[in-house]
Structures are given as structure tokens and as C-alpha cells.
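The values are calculated or read from the model by the stated rules, or taken from the named source; none is laboratory data. Predicted, not measured: the structure shown is a model, and the values here were computed from it. Cβ atoms come from the backbone with ideal geometry, glycine included; neighbour counts cover every protein chain shown. Just the protein is used for accessible areas: all its heavy atoms, side chains included, with ligands, DNA and RNA removed. Shrake-Rupley method; radii C 1.70, N 1.55, O 1.52, S 1.80 Å.
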Amino acid sequence: MQRYRFVASAVAVGLLLPACSGADGPDLTVEGAAAVVQQPEAAETDEEAAILVHHARSRMSPSRAGVAAVYLDLENPTATDDVLVAASVPEGFAGRVEVHETYEVDDDSMAGDGHMSSDGNGHMSDDTGMHGGSDSDAPAMMGMREVPGIPVPAGSTVELVPGGYHIMLMDLAEDLVTGEEFTLTLELEHAGAVTVSVEVRDHADV
Amino acid sequence: MNPKRLAQRPAVLLAAVILGVGLASALLSEPELPGVARDPMPAVDGLTFVDHRTADAPQEVDLIPDPGELLFVYFGYLSCPDVCPMTMSDIAQARDAVGPALAARTRVAFVTVDPQRDGPDRLRSYLSHFFDDDYHALIPVDEAALAAAADRLGVRYEIEAHEPGDERYDVLHSALTYVVDDRGHLVRELPFGATPDDYARLIRALLP
Ligand SMILES: [Cu+2]
């Protein structure tokens, strides 16, 4: 069968990539959480609870969509499991920032959770604007939801990529323009706050 | 009024017509192609939308491309930061990969399932980012028109219940790409996650 990219979100667990962690590239060390690290390659908090962030990037947001997704790699070279629990941007940049995942809706779990189910004929059943039944050969629906955290196990790298996990910016004050950068602060359970610079890229480079 | 055919172009080349008619059979016998073909292939005739590609000149269209061309139909919404732009980007990259001649015969029709928030200006701005001015920005005439298309093609969508005027709500949608040939047949459908290479291989196979 064909290979499709929508597999899972955290892909590269178990991959340790020293090449990307500052061994060859510029070794950027941040004193405390408030400093902004100019990427390209790596950002690091301190020796103790280091989480390295690579390739922090966002797709430009066209046409006042008001939303954008940030993708990045989280490398945990320590011996302690960690969890990305939250993220934030400077005040006034976006109304809300959430840790999200793109997921496939499981029809069996939809009954009674507040979503409307089909009338069996695939027609609108109420004002939720629901359409399409869940017959066996009907395609799954895709959605997006907030997650309590993204685990970053000790010694692993977790990639936030399109179709999987992302950091969701909502109520953006302005469109994100290709080439610009903005500041994003990640909250990790153990490593604490890690602030990185996110590069806004054209759609094909995300 | 009769809906206009998508992308009005006066020149109808006989060769292109013949090529187009040969498409479907070539497809079914090609198991290596990405996506799936239904048997029988659904026809899209009679499904109409309003194309807002040209500002101030909305035009009622159907989902049938010009002779010798393919239409990639996608049902999405603009407040979708991940799935929709990823798919649009993958198709845009495929059009780049196949070169200008084939790209010119392959267009995307983006149908918004969220007309409450997705107006003509925003649709144009969004799509032009991926396809310059080579796209169709389709808004359903009404709910029934969207439902009819969804029924025919098997599209599913769900708008979260919200108060009138509330602009913040979730949308669920099946995120397939429907490939329609010049006879108005849905010849192939690709799931979310199909790669630019998948789209490019399909274009090359369908537009010899
Ligand atoms: Cu999201």
C-alpha cells in the first residue's frame, strides 16, 4: 500500500541527534528563561535540565485566518523524562496559545459527547451543521484538540510536525509574514521555561 | 441559469477530449497509483457552487474541468492551521514538480465548509498564496448545495454548535482530495497525508 505521512505525532523517539544539538552548530546557551535565543540550530536552558529546541518554525498565516501552527523538535538529552505542558507568546501577539494535536475522529466514541450524530441518512440533523453519516466506508473526519502535554522521554527527540502535534496560536493580532520571527516560550514540567525564536516560513518550507 | 463550466476557455481541442476520455480506464488498471478509485465512479454533474476567484465577479460553476484538465476538489475551512494548509501546500508543490504545462491543466477548487467565517476576500487571499491566481474559490450557494455535494462525494463535516455571532468554534471535516476528470467523474480520491510526490505521480499518470 501507499505510504502516508499521517502516522502519529511523536515520530523520532529514541533518536539522539548530537549533530543538531550544538556540537557542530553554534552552542547557544541561555541564562535563565527570559532570554531569546536566535535559532537556527539550538536553544538550551542550562546544563541541569536541558531541553534542546530545534527548527522552531511556523507556516505563514494568510488572509487574516487568525490562527497558525508552530512546529519544532524537542530534544531531551537528559536522563529525566519531561513533558511540554504549555506555551506562550508576548502579550498582544496572540489571544491564546495551546498545545494541540491533529487527530482522526473515532466515530464510535462520538455518541453522547455533545457532538451530533447522523440521522442515518447523512442529512443535517440539527443546527450544529453536521453532515455525513458514519457508514463503514465513510472517511474519518479530522479535527484538532488541546492536549494536556507532549511527553519528551529521556534521551529522545520528539518532532512536532504537520499532521501531528503543534503549538496553536489563536486570535493572532496580525498575519504571520514569511521571513519574520517571533518569540515563543515553552513550559516544560522539569526543564522549566525555554524561550526560542520561531521563524515564519512559506508553506512549502514548513 | 445554467452553471458555467469551470475555467472558461474557448479553445476546445479534440485531442484533449480524446485524452480525457481515455483517463478512467487507464486509472483502474493502474494499481500503483496513490489513493483509491471508486467503482462505479461518482459523477459530479449538477453540483454547483459560486466561484469567487475574481473579485466582484462571482460566477456559478460546476465541478467539471475543461477538456484535457483535472480538478482537485478539497472541502476545508480557513481557520484550519494544520490539515488544510498542509494539503494545499502539498498540491502546490506537486504542481511545481510536474512543470508549468501539466500544472496549467491541474487546478484546485477549494470549497469552504465554513461560509460563515470564510468570505470571498479571505478565500482569495488564502488560495492565491498557494496557487497565485490559478484556483477556484468556491462558496456553497446555500446549505443544501453543500450537503448535496457532500452526499455525492462522501464528504463529512461538522461545525461545532455556537451562538449566533460567535466566531470561535471547531470544525471537523474529512480531509480527502477528490480528483475529477473532464467528463465529470470522480476518478480518484487521496487521503489526508498523501505526499507531494503522490499528487505529482497522479497528475503525470492522468495527464499523459
Ligand atoms: Cu490546533
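Does segment B:124-138 contain any residue that is modelled with pLDDT of 90 or more, facing chain A (nearest Cβ under 9 Å) and over 22 Å from B:D90 (Cβ atoms)?
No, the conditions are met nowhere in segment B:124-138.
Just a yes or no: is a residue in segment B:93-104 in a loop (DSSP other than H, G, I, E, B), farther than 22 Å from B:H185 by Cα and at pLDDT below 95?
no
When you scan segment A:47-69, how many residues do you find that are at pLDDT 95 or above and touching a Phe, Trp or Tyr at 6+ places or on another chain (Cβ under 9 Å)?
Residues flagged as at pLDDT 95 or above and touching a Phe, Trp or Tyr at 6+ places or on another chain (Cβ under 9 Å) within segment A:47-69 amount to 4.
Out of all the residues in segment B:139-151, which are within 9 Å of chain A (Cβ to nearest Cβ) and either more than 23 Å from B:E60 (Cβ to Cβ) or crowded, with 21+ Cβ neighbours inside 10 Å (or both)?
Residues satisfying the conditions are B:L146, B:A150.
Can you list residue pairs whose Cβ atoms sit under 7 Å apart, with the first residue in segment A:87-105 being more than 12 Å from every other protein chain (Cβ to nearest Cβ) and the second being open to solvent by 60 Å² or more (accessible area, probe 1.4 Å) and more than 12 Å from the ligand (Cβ to nearest atom)? Count only pairs 6 or more apart in sequence or on different chains.
Correct list of pairs: A:A87/A:E187.
Return only the number of the condition from (1) within 17 Å of the chain's Cα centre (by Cα); (2) open to solvent by 30 Å² or more (accessible area, probe 1.4 Å) that A:V194 does not satisfy.
Just one mismatch for A:V194, condition (2).
Would you mention how many residues in segment B:152-167 are at the interface with another protein chain (Cβ under 8 Å from one of its Cβ atoms) and either under 26 Å from B:M41 (Cβ atoms) or not β-branched (V, I, T) (or both)?
So the count comes out to 7.
Taking the condition of being in a loop (DSSP other than H, G, I, E, B), open to solvent by less than 10 Å² (accessible area, probe 1.4 Å) and either at positive phi or within 16 Å of the ligand (Cβ to nearest atom) (or both), how many residues in segment B:52-79 meet it?
Adding up the residues that qualify gives 2.
Output the strands (runs of 3 or more DSSP E) that fall wholly within segment B:164-203 and possess 2 or more residues being out of contact with any helix residue (DSSP H, G or I) (no Cβ under 7 Å at 6 or more places or on another chain), or say none.
Correct list: B:171-173.
Sort out which residues of segment A:171-191 are open to solvent by 20 Å² or more (accessible area, probe 1.4 Å) and either under 21 Å from B:R122 (Cα atoms) or of a type in the set (A, V, I, L, M) (or both), and write them in order of number.
Residues satisfying the conditions are A:D171, A:A173, A:E174, A:D175, A:V177, A:T178.
Output the number of residues of segment A:143-158 satisfying the condition of being open to solvent by 10 Å² or more (accessible area, probe 1.4 Å) and either within 16 Å of the ligand (Cβ to nearest atom) or not in a strand (DSSP E or B) (or both).
9
Could you please find all residues in segment B:105-123 being in contact with a Pro (Cβ under 9 Å, 6 or more places away or on another chain), farther than 22 Å from A:G163 by Cα and not in a helix (DSSP H, G or I)?
Those that are in contact with a Pro (Cβ under 9 Å, 6 or more places away or on another chain), farther than 22 Å from A:G163 by Cα and not in a helix (DSSP H, G or I): B:R105, B:T106, B:R107, B:P115.
Would you check which residues across segment B:76-89 are within 11 Å of B:P196 (Cβ to Cβ) and more than 9 Å from chain A (Cβ to nearest Cβ) and list them?
The answer is B:T87, and nothing else.
Suppose we keep only residues that are closer than 20 Å to A:T195 by Cα and open to solvent by 50 Å² or more (accessible area, probe 1.4 Å) within segment A:52-79. Which one would you say is farthest from the ligand (Cβ to nearest atom)?
Filtering segment A:52-79 for residues that are closer than 20 Å to A:T195 by Cα and open to solvent by 50 Å² or more (accessible area, probe 1.4 Å), the one farthest from the ligand (Cβ to nearest atom) comes out as A:P77.
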